[in-house]
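Notes follow the structure.
The values are calculated or read from the model by the stated rules, or taken from the named source; none is laboratory data. Because the structure is predicted, anything quoted here is derived from the model rather than measured. Note that each Cβ is placed from the backbone with ideal geometry, even for glycine, and that neighbours are counted across all protein chains shown.
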There are 2 protein chains.
Amino acid sequence: MNGRLDRIRIVLARTSHPGNVGAAARAMKTMGLSQLWLVQPPADDAGVARARAAGADDILDAARVCRRLEEALSGTAFAVALTTRRREPLPPPSWMREAAPRLVAAAAQGEVALVFGNEQAGLSNEEAALCRLPVMIPANPAYSSLNLGAAVQVACYELRLAALEPGLPPAPDNPPATFEEIRHFYEHLEKAVTRTGFLDPAHPKRLMPRLRRLFDRVDLERDEVSLLRGMLKTFLKPWEKVD
Amino acid sequence: MNGRLDRIRIVLARTSHPGNVGAAARAMKTMGLSQLWLVQPPADDAGVARARAAGADDILDAARVCRRLEEALSGTAFAVALTTRRREPLPPPSWMREAAPRLVAAAAQGEVALVFGNEQAGLSNEEAALCRLPVMIPANPAYSSLNLGAAVQVACYELRLAALEPGLPPAPDNPPATFEEIRHFYEHLEKAVTRTGFLDPAHPKRLMPRLRRLFDRVDLERDEVSLLRGMLKTFLKPWEKVD
């Protein structure tokens, strides 16, 4: 079980309060998770994070600090964004309870990330668009403001229970595509639609978001990405000669 | 749904840190619970609880303060103790996920309490013995120390999900026995076993804990308690004349 939980990254993006970083570390450790990734973490000269982490300072010590969310997602095969509302261009949110077995199953094959945004502002649209699936924790509609550490606790609790369950049927042998492979595919796709004039840069009409939303719902395998890109390349050959 | 969540009391017994009282209030409100009961709460001249409660000060304002756990359980039909280990004389613990539908079903009929002990010491044996069922949150055996606010968050999250589910089959029409009725029954029982010499006060041999553990596993109805007590009274009649 721990093998899978060890491959799940908790990513805190642009957190404001160091106390919440410490609370997240403690929450993770109580549920058996170990990988904390921090994107532009807050200054913490007073050691507030360490105090709130209680006995989980090992998680803080091992935390990876990044400048941008892309770095924290590097090498992951599946990334989800915790959110409190529906966001375009992402597909409709899943509940955390439903998403947890899927995340744990994906972690049997590769690295997985759960991304939490800033306490007030949440994730930017650009950050959310880097994730494949938005995930929500059910809450009181009249007061849905979970503390960041509390949200990490609930998410890690669901992951632990999902990891303890017998889980989903065995995943196929084919390795999933990584974050970079999927990103390169989208870049390739965008170049292709632009090159072909299918996308008019002056009037993009949400074409790329719609394409991403479609492919984001598929758990693309590495071989499938290669296939798609090979296909694109072939399709585009005649266009290279035009101009 | 809210009717049931409104009948579930979160009872914090002898909490040390006012920040945890505030975090618990916020956790409750995010999940739609409203009744906070505090047994010997900590002093809080600096208003730390209010700061941590964020927008949940209405929960703090309405909190009931008690001297003893018995007061906080007064009028409840079902009380469970959050615990991190197996405790005698209580029955073996249930997982919070399994207990939640049962608590919500009980709340359809009467008041229910979830009791959380002190951050370091947990509940005293006397306090734990006032509850019918111990409940645990699954945790990393190597580091099971959930922050109190985080534990309240997970418990209330499970209660909310259980309240949103279709739930258990309709409960019988018979009202459950209250905390006081069950306590009076145990007192009656103890008097009976003592009076009859079945219990030797010099060598009690854990007789009462074993009896309580038996009856605590039954969701006693009011009429059943009356029946048991009527029976005891009848049984004991001849003993009143002896001496």
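Table for the structure above
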read-out: The lone exception for A:A113 - which of (1) farther than 22 Å from A:P138 by Cα; (2) at pLDDT 95 or above; (3) crowded, with 16+ Cβ neighbours inside 10 Å it fails; value: (1)
read-out: Set B:E187, B:E180, B:E127: member being in contact with a helix residue (DSSP H, G or I) (Cβ under 7 Å, 6 or more places away or on another chain) and acidic (D, E); value: B:E127
read-out: Qualifying residue in region B:84-91 (condition: closer than 25 Å to B:P209 by Cβ, among the hydroxyl-bearing types (S, T, Y) and in contact with an Asp or Glu (Cβ under 6 Å, 6 or more places away or on another chain)); value: no
read-out: Scan of region A:31-86 for residues that are at positive phi and not polar (S, T, N, Q), ordered by number; value: A:G32, A:G47, A:A54, A:G75
read-out: Scope region B:181-222; condition surrounded by fewer than 13 Cβ atoms within 10 Å (Cβ to Cβ), in a helix (DSSP H, G or I) and in contact (Cβ under 8 Å) with a residue 24 or more places away in the chain; matching residues; value: B:R210
read-out: Residues of region A:4-53 that turn out to be within 11 Å of another protein chain (Cβ to nearest Cβ), outside any helix (DSSP H, G or I) and among the aliphatic types (A, V, I, L, M), as a count; value: 2
read-out: Those residues of region B:83-108 which are buried (at least 17 other Cβ atoms within 10 Å of the Cβ) and closer than 16 Å to B:D216 by Cβ, in sequence order; value: B:T83, B:R87, B:L90, B:P93, B:A99, B:R102, B:L103, B:A106
read-out: Residue list for region B:54-75, restricted to those being assigned to a helix (DSSP H, G or I) and over 27 Å from A:L146 (Cα atoms); value: B:L69, B:E70, B:E71, B:L73
read-out: When residues of region B:54-73 are limited to those that are surrounded by 16 or more Cβ atoms within 10 Å (Cβ to Cβ) and away from chain A (no Cβ under 14 Å), the one nearest to B:A25 (Cα to Cα); value: B:A63
read-out: Selected residue (only one of B:S16, B:S34 is over 16 Å from the mean Cα position of the chain (by Cα), hydroxyl-bearing (S, T, Y) and more than 24 Å from B:Q120 (Cα to Cα)); value: B:S34
read-out: Residues of region A:159-180 classified as crowded, with 19+ Cβ neighbours inside 10 Å and either modelled with pLDDT under 90 or within 28 Å of A:P209 (Cβ to Cβ) (or both), total; value: 4
